[in-house]
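Below is one structure, written out as structure tokens; comments come after it.
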Amino acid sequence: MMAETRRKLTDAELTAAKRLRSIYKHEKELGRARNKKITYESIAQAAGWQTSNVVGQYLTGRIPINLEA
């Protein structure tokens with residue numbers, strides 16, 4: 001079976017991923033200061049997603065942010 005080829009993200013999608021990653025890092029630091037651990041899994045759970053994999057893919061710009069995910 002051949003691997004699926006993904007399209008390249010647009011500049012706007014890459015910028016959105018970069019912004020999201022910046023927010024994640026900021027919130028993670030705030031969480032540490034409050035002794036509240038923020039993880040990919042906790043974000044996925046709060047969003048109602050089955051797995052945390054999509055969180056990492058959004059943050060690294062592997063897939064475009066999809067609010068319906």
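The values are calculated or read from the model by the stated rules, or taken from the named source; none is laboratory data. Not measured: the values here are computed from a predicted model. Here Cβ is always computed from backbone atoms with ideal geometry, including for glycine, and neighbour counts include all displayed protein chains. Only protein heavy atoms, including side chains, enter the accessible area calculation; ligands, DNA and RNA are left aside. Shrake-Rupley method; radii C 1.70, N 1.55, O 1.52, S 1.80 Å.
Below 14 angstrom from the Cβ of residue 30, what's the summed charge of the other residues (Lys, Arg +1; Asp, Glu -1)?
With Lys, Arg at +1 and Asp, Glu at -1, the net is +4.
Straight-line reach only, C-alpha to C-alpha below 16 angstrom: list the lysines that residue 36 could link to, leaving out same-chain residues fewer than 8 apart.
List returned: 25, 28.
Of 16, 33, 44, which is the most mobile in a GNM of the chain whose springs link Cα atoms less than 10 angstrom apart?
In this elastic network of the chain, the residue with the biggest mean-square fluctuation among 16, 33, 44 is 33.
In nanometres, what is the gap between the two model label sites at residue 28 and residue 6, each 7 Å from Cα along Cα-to-Cβ?
So the label points at residue 28 and residue 6 sit 1.8 nm apart.
In Å², what does the accessible area per residue of the chain work out to with a 1.4 Å probe?
85
For a distance above 19 Å, tell me the whole-number percent of Cα pairs in the chain that qualify.
39
Give me the net charge of residue 43's neighbourhood, meaning all other residues with Cβ under 13 Å from the Cβ of residue 43; Lys, Arg count +1, Asp, Glu -1.
So the environment of residue 43 carries a net charge of +3.
How much mean residue ellipticity at 222 nm does the chain get from its helices, if each DSSP H run of length 4 or more adds -39500 (n - 2.57) and you divide by all residues, to the nearest 500 deg cm²/dmol?
-18000 deg cm²/dmol
Leaving out ligands, DNA and RNA, and with a 1.4 Å probe, what % of the accessible surface on the stretch 7-63 is carbon or sulfur?
Here carbon and sulfur together make up 52 percent of the probe-accessible area.
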